[in-house]
Amino acid sequence: MVNLFEAKELTRYFDMGRNERVHAVENVSLDIAEKEIVGLVGESGSGKSTFGKTVLGLHDKTSGMVKYRGEKLPQKYRSADFQRLATKMQMIFQDPYSSLNPRMTVGELVAEGIRLHPQLSSADIKEKVALWLNRVGLQADHMSRFPHEFSGGQRQRIGIARALILEPEFVVCDEPISALDVSVQAQVINLLGELKESMGLTLLFIAHDLSMVRYVSDRMAVMYLGSLVEVGKADGVYFDPKHPYTEVLIGSNPEPDPNMERNRPSTAIQGEIPSPVNVPVGCRFANRCPKVMSVCRDITPLLIPLKDSDREVACHLYS
């Protein structure tokens with residue numbers, strides 16, 4: 001398959017002053033094929049959202065590069081870059097409450113992107129907004145309402161319409177269901193699946209819920225403290241994890257059967273996640289890993305392909 005998107009050793013630091021900086025994303029390399037869905041998972045604070053925003057230029061790149069269809073994208077975006085790439089790359093944000101301007105109507109919010117392209121008349125814009133509202137399960141007469149008049153699930157549908165009305169090829173879904181009720185989550189996932197098939201979308205799907213990511217994704221990438229620790233086919237990573245962090249992360253998923261959940265041994269991850277300001281030498285998971293070795297505390301493992309496998313793992317157990 002042809003790669004639509006490629007990140008090579010992408011790094012994003014945040015300067016805090018006093019010669020301190022947050023290592024939010026460090027040396028992350030990931031490619032996504034055309035019409036593929038890659039799920040990005042990890043604990044809160046692991047750098048998933050920062051990676052997605054840096055990919056789209058919402059954060060400047062500290063180092064590394066991003067390619068889209070072979071074109072190297074700017075290290076720092078200007079207004080012209082955002083306008084040029086808006087029809088190719090978009091983002092669905094996590095919080096449907098804070099991502100929508102409360103002073104704008106739904107019609108203004110959804111039409112905001114296509115108004116940057118003046119070849120459409122006002123009547124054409126209104127017609128297209130109505131079409132997209134219907135497409136995401138809302139009604140055309142919702143255009144005159146404000147975001148506070150809608151539920152969380154409806155607001156997320158507005159966010160989806162706003163992102164996809166420009167008909168992009170690549171969409172970063174930044175935990176689009178984490179703020180929603182469980183029943184609404186399924187509706188939004190099904191909607192994204194339908195739109196992916198009809199539009200031929202390529203998705204980077206960021207989420208906490210590994211079972212949901214496994215359900216929607218072709219491949220899964222596991223991130224810990226700003227670095228990738230395992231990448232492979234979604235079913236393979238979920239049912240046969242290789243990295244100790246992936247094992248405990250999947251083991252923390254609750255069992256559907258309450259009796260089995262009550263009786264199974266605790267699989268909680270021990271210890272505290274290190275500070276992204278003072279990143280430890282060696283493997284970043286060493287202080288919490290049940291399989292830690294002496295080499296883990298001295299040498300940082302590289303993400304390498306496993307022999308006779310499509311899996312990549314950053315662990316000294318396999319080096």
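The values are calculated or read from the model by the stated rules, or taken from the named source; none is laboratory data. Not measured: the values here are computed from a predicted model. Neighbour counts run over all protein chains shown; Cβ positions are idealised from the backbone, glycine included.
Being of a type in the set (G, A, S), under 13 Å from the mean Cα position of the chain (by Cα) and either in a helix (DSSP H, G or I) or at pLDDT below 95 (or both) is the filter here, so list the residues in segment 208-225 that pass it. Across segment 208-225, the qualifying residue is only S217. For the structure I just gave you, tell me whether E230 is crowded, with 17+ Cβ neighbours inside 10 Å and on the phi > 0 side of the Ramachandran plot. Answer is no for this residue. Residue pairs whose Cβ atoms lie under 8 Å apart, sitting 6 or more positions apart in sequence or on different chains, and linking a residue in segment 279-301 that is basic (K, R) to a partner that is part of a loop (DSSP other than H, G, I, E, B) and exposed (fewer than 13 other Cβ atoms within 10 Å of the Cβ), are R288/Q270; R288/G271; R288/E272; R297/V281.
Identify all residues within segment 14-32 that are surrounded by fewer than 21 Cβ atoms within 10 Å (Cβ to Cβ) and either without any contact (Cβ under 8 Å) to a residue 60 or more places away in the chain or hydrophobic (A, V, I, L, M, F, W, C) (or both); write none if there are none. Answer for segment 14-32, where residues must be surrounded by fewer than 21 Cβ atoms within 10 Å (Cβ to Cβ) and either without any contact (Cβ under 8 Å) to a residue 60 or more places away in the chain or hydrophobic (A, V, I, L, M, F, W, C) (or both): F14, D15, M16, G17, R18, N19, V22, D31. Scanning segment 132-160 for residues that are assigned to a loop (DSSP other than H, G, I, E, B), over 24 Å from the mean Cα position of the chain (by Cα) and surrounded by 15 or more Cβ atoms within 10 Å (Cβ to Cβ) yields a total of 4. Looking at segment 59-99, which of its residues are of a type in the set (A, V, I, L, M, F, W, C) and touching a strand residue (DSSP E or B) at 6+ places or on another chain (Cβ under 9 Å)? Correct list: M65, V66, L73, L85, M89, M91, I92, F93. Within the option set S99, S121, S63, being of a type in the set (S, T, N, Q), under 30 Å from N3 (Cα atoms) and surrounded by fewer than 15 Cβ atoms within 10 Å (Cβ to Cβ) holds for one residue only, S63.
Checked against the criterion of being within 22 Å of the chain's Cα centre (by Cα), of a type outside the set (F, W, Y), modelled with pLDDT of 95 or more and surrounded by 14 or more Cβ atoms within 10 Å (Cβ to Cβ), the candidates K88, K35, K8 yield just one match: K8.
Counted as qualifying within segment 1-91 are the strands (runs of 3 or more DSSP E) with 1 or more residues that are farther than 30 Å from N190 by Cβ and out of contact with any helix residue (DSSP H, G or I) (no Cβ under 9 Å at 6 or more places or on another chain), namely 3-17, 20-33, 63-68.
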